[in-house]
């Protein structure tokens with residue numbers, strides 16, 4: 001259980017998986033009664049998720065609110081205890097670890113949180129915030145830590161002399177840089193970034209995205225990048241996993257997922273994302289999903305997506321979707337889809353993102369052209 | 001009755017005057033130790049039936065502009081310190097509170113980002129919908145109830161009759177936003193102000209709600225001011241856009257013009273700093289360095305100058321006025337022939353706008369950027 005101190009050593013191992021997640025489930029119990037607590041149900045936030053991340057790779061985990069993407073990330077750094085399943089870092093299963101062993105493994109994975117206002121203690125100055133992980137793990141002497149804090153702050157593009165300032169003295173983007181510096185302090189192998197740019201203004205988002213990319217290049221970091229914004233995820237990720245209601249429905253390289261989405265949910269998600277181009281927006285066809293995401297307390301039987309699925313409707317509502325949960329299938333090299341009828345999707349990118357062949361479905365709605373610009 | 005209102009309103013103004021005309025609007029917030037310059041001389045027009053975008057980042061003044069139009073600025077800190085807000089030629093900024101109350105809801109309605117604080121948690125949807133109707137119109141309780149059911153059908157809420165008896169917390173986020181839209185459209189307003197109406201929603205639900213707003217406002221001919229930070233939403237929803245930065249409008253024009261030929265360095269920067277789902281692979285993002293200015297200081301020079309790659313010495317001292325990009329004289333402010341205008345002393349060339357950065361040595365970068373304080 002030796003910990004690789006130099007990040008270079010971590011990249012040397014090449015393409016072996018750093019993180020393997022197998023059949024991970026996180027259920028939160030629902031209880032009733034004050035004196036005699038009765039267990040009346042479970043919120044199945046994550047319900048059987050498997051994936052692996054190679055060293056130096058970025059895996060994007062994308063999905064809408066409540067799909068379980070953040071819970072997955074938090075279970076991986078063991079902020080939640082998994083209900084079942086295995087989380088292996090270099091072959092060591094975290095799920096069974098406790099105490100000192102767990103703490104030692106935690107050095108290797110750090111988290112960057114969404115809200116840079118809530119994730120920094122307002123009563124600690126920047127130096128204490130960034131040095132805290134070093135103190136907890138007993139790394140270095142006081143003066144070494146101070147030096148390291150200065151290094152880390154310059155690494156993330158902050159002035160080391162600002163170490164004496166407090167979080168409220170910084171803007172949102174700068175605070176997120178502090179969060180990144182803290183995550184880097186212990187030279188982790190894996191960084192779980194949970195919506196790291198969603199709380200930031202668009203002009204600032206690009207600063208943080210570029211920073212994360214630069215850090216990955218220089219330190220050989222491995223990222224699990226969790227976000228709801230597929231455009232951002234596609235930009236930063238090597239591979240992308242799409243989650244819906246506690247399960248991964250599609251997993252593929254960023255390019256493959258974009259060019260040839262095969263799960264009907266992914267197709268709908270891609271078609272729903274607005275494109276900052278009025279000419280394309282006017283000619284686009286959208287798949288408008290009906291209704292809301294069902295409750296994870298009582299998820300639909302079979303395929304979780306069957307209640308809103310446009311493909312199932314098109315195929316005449318086959319019973320198999322209700323009766324049988326689809327297992328992830330390899331439909332192309334490294335392209336897994338959990339859908340019984342994924343071959344029938346034909347979700348090529350032109351179809352979803354642009355003009356031309358619309359998805360022939362009853363629920364397909366053309367985007368009406370704005371009237372006054374029609375002649376312009 | 002709405003028809004009568006409309007006739008009365010139309011008679012009161014010039015034939016060519018726009019529905020809404022905001023002129024040199026200045027809004028400041030006075031706090032115990034400072035004055036925040038939230039909106040500093042904003043002017044724009046909205047014609048009947050138009051959908052106009054107001055785009056910008058947090059703190060740029062887009063929401064404050066619209067709270068000022070509705071006279072809903074938080075009191076006593078927020079004040080309209082200058083300018084006019086003409087709706088059919090009547091100045092809303094100078095109106096008595098009792099008069100503006102008649103206008104709200106009837107002529108101008110608003111939907112907010114988060115529907116929950118706008119809905120009363122202890123009243124059923126029925127009570128809230130019929131209250132709006134009966135406050136402005138003389139109709140019977142039964143008619144109001146029927147109208148409420150019709151409205152829920154209109155915004156696509158299944159089982160409207162039993163749903164009327166529900167409380168706001170019994171609706172999902174997307175459904176609550178639909179209820180808000182139903183309330184906003186209850187009196188067939190002529191102008192709908194939608195302030196980040198889908199920002200709190202998931203992308204598939206956003207698509208539903210945007211489509212609903214587009215369909216309903218087109219059907220009724222309602223003009224819309226759409227406030228958002230999302231350039232994708234603006235591209236799909238609006239005919240014209242005003243780009244705001246730090247209390248000023250820095251670029252305005254047809255949506256197609258602004259996306260095809262962005263001309264202000266801030267707009268250029270925004271478009272290059274967002275990853276696009278349809279973009280090429282490995283496309284580089286060019287962030288806008290630094291952070292927005294401290295609006296507690298009175299603005300000097302161009303507000304964007306400290307972050308601008310094209311700035312000149314002049315930009316630091318003299319705030320540019322908004323003029324036509326092509327240098328032509330009189331500007332068309334509304335409709336399909338609206339003039340593309342920017343406020344910039346040293347705009348990027350089309351090639352530079354496409355590249356997202358100055359191509360030759362060009363701008364002299366004065367001083368350091370990047371410090372928000």
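Listing for the model above:
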quantity	calculated
Selected residue (criterion: surrounded by the most Cβ atoms within 10 Å (Cβ to Cβ)) from residues of region B:196-212 that are more than 7 Å from chain A (Cβ to nearest Cβ) and more than 15 Å from residue A:228 (Cβ to Cβ)	B:197
Tally, over region A:96-111, of residues that are in contact (Cβ under 8 Å) with a residue 12 or more places away in the chain and either crowded, with 19+ Cβ neighbours inside 10 Å or part of a loop (DSSP other than H, G, I, E, B) (or both)	8
Every residue from region A:272-304 that is touching a strand residue (DSSP E or B) at 6+ places or on another chain (Cβ under 8 Å) and more than 11 Å from chain B (Cβ to nearest Cβ)	A:285, A:296, A:297, A:298, A:299, A:304
Search result, residues across region A:49-62 that are buried (at least 20 other Cβ atoms within 10 Å of the Cβ) and within 19 Å of residue A:209 (Cβ to Cβ)	A:53, A:56, A:58, A:59, A:60, A:61, A:62
Meets criteria (in contact with a helix residue (DSSP H, G or I) (Cβ under 7 Å, 6 or more places away or on another chain) and farther than 20 Å from residue A:174 by Cα) for residue B:278	yes
Residue A:269 vs. criteria surrounded by fewer than 24 Cβ atoms within 10 Å (Cβ to Cβ) and either within 11 Å of chain B (Cβ to nearest Cβ) or in a helix (DSSP H, G or I) (or both)	no
Which numbered condition residue A:255 misses (of (1) within 14 Å of chain B (Cβ to nearest Cβ); (2) assigned to a helix (DSSP H, G or I); (3) touching a strand residue (DSSP E or B) at 6+ places or on another chain (Cβ under 9 Å))	(3)
Residue A:216 vs. criteria touching a residue at least 24 places away in the same chain (Cβ under 8 Å), outside any strand (DSSP E or B), facing chain B (nearest Cβ under 8 Å) and under 24 Å from residue A:73 (Cα atoms)	no
Subset of region B:213-225 (residues that are facing chain A (nearest Cβ under 10 Å) and in contact with a helix residue (DSSP H, G or I) (Cβ under 8 Å, 6 or more places away or on another chain))	B:214, B:218
Residue match in region A:239-248 (condition: under 23 Å from residue A:305 (Cβ atoms), within 7 Å of chain B (Cβ to nearest Cβ) and touching a strand residue (DSSP E or B) at 6+ places or on another chain (Cβ under 9 Å))	no
Residue A:262 being in contact with a helix residue (DSSP H, G or I) (Cβ under 8 Å, 6 or more places away or on another chain), part of a loop (DSSP other than H, G, I, E, B) and touching a residue at least 60 places away in the same chain (Cβ under 8 Å)	yes
Helices (runs of 4 or more DSSP H) (entirely within region B:255-344) containing at least 3 residues that are touching a strand residue (DSSP E or B) at 6+ places or on another chain (Cβ under 7 Å) and either under 30 Å from residue A:235 (Cβ atoms) or within 14 Å of another protein chain (Cβ to nearest Cβ) (or both)	none
Every residue from region B:253-267 that is within 27 Å of residue B:47 (Cα to Cα) and either surrounded by 24 or more Cβ atoms within 10 Å (Cβ to Cβ) or in contact (Cβ under 8 Å) with a residue 24 or more places away in the chain (or both)	B:253, B:254, B:255, B:257, B:258, B:259, B:261, B:262, B:263, B:264, B:266, B:267
Filter result for residue A:82 (in contact with a strand residue (DSSP E or B) (Cβ under 9 Å, 6 or more places away or on another chain) and either under 20 Å from residue A:207 (Cβ atoms) or in contact (Cβ under 8 Å) with a residue 24 or more places away in the chain (or both))	yes
Checking residue A:158 against (1) away from every other protein chain (no Cβ under 13 Å); (2) modelled with pLDDT of 90 or more; (3) not in a helix (DSSP H, G or I), the condition it does not meet	(1)
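Per-residue answers, yes or no, for (1) within 21 Å of residue A:70 (Cβ to Cβ); (2) in the same structural domain as residue A:23 (by TED's automatic domain parsing); (3) out of contact with any helix residue (DSSP H, G or I) (no Cβ under 9 Å at 6 or more places or on another chain):
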| position | (1), (2), (3) |
| --- | --- |
| A:234 | yes, yes, no |
| A:237 | yes, yes, no |
| A:253 | no, no, yes |
| A:274 | no, no, no |
| A:294 | yes, no, yes |
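The values are calculated or read from the model by the stated rules, or taken from the named source; none is laboratory data. Here the structure is a predicted model, which is why all the values come from computation and not from measurement. All Cβ positions, even for glycine, are placed from backbone atoms using ideal geometry, and neighbour counts span all protein chains on display.
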